[in-house]
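**Student:** Right, I'll just put the structure down here and ask away after.
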Amino acid sequence: MGKVALEGLEFFAYHGHYDEEQKIGNKYGVDIHVETSALTTAGAQDKLAETIDYEKLYSIIKEEMKKPSRLLENIAQRIIKAVFSTFPQVEGVEVVVSKFNPPIGGICRRAAVTLSEKR
């Protein structure tokens, strides 16, 4: 078993519980770790087709970040479902979605949600 990860992805998007958040937008971060046993074959054969193409993985996340959501949990869940449907060799996904400077009435660099699922 191995993992492919993309860490520190940043997006400007229109998510949030409050209507105003969905109008003005905010900066969000995403980290993703994808588990698969396909990495051994990819390592032996040196072929992109045998592994998790992280350019495609990024594209999935980028598309999901364009769709407004009220909750970070909803974004993370959609990303997980899209990864499972795109990559049949994926056995597990962990996603962290964070909102920079959340409106909580105090100083907070980021609020984050982590979801993980196994196939």
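**Student:** Computed over the Cα atoms, what is the radius of gyration of the chain divided by 2.2 N^0.38 Å, N being its residue count?
**Tutor:** Values: Rg = 15.5 Å, N = 119, 2.2 N^0.38 = 13.5 Å.
Cα-based Rg divided by the globular estimate yields 1.15.
**Student:** Quote to one decimal, in nm, the extra length available between Arg109 and Gln22 on full extension: 0.36 nm per residue of separation minus the C-alpha distance between them.
**Tutor:** On the way: separation 87, 0.36 × 87 = 31.32 nm, distance 1.91 nm.
Result for the pair: 29.4 nm of gain on full extension.
**Student:** With label points built 7 Å along Cα→Cβ from the Cα atoms of His33 and Glu55, find their separation and express it in nm.
**Tutor:** Here the answer is 2.7 nm between the modelled labels.
**Student:** Please list, in order, the residues from segment 62-89 whose amide nitrogen is less than 18 Å from a point placed 7 Å along the Cα→Cβ vector of Lys47.
**Tutor:** 87-89
Every number in this text was worked out from the coordinates using simple rules, so none of it is lab data. The model shown is predicted, which means the values in this text are computed figures rather than measured ones. Backbone-built Cβ (ideal geometry, glycine too); neighbour counts: all protein chains shown.
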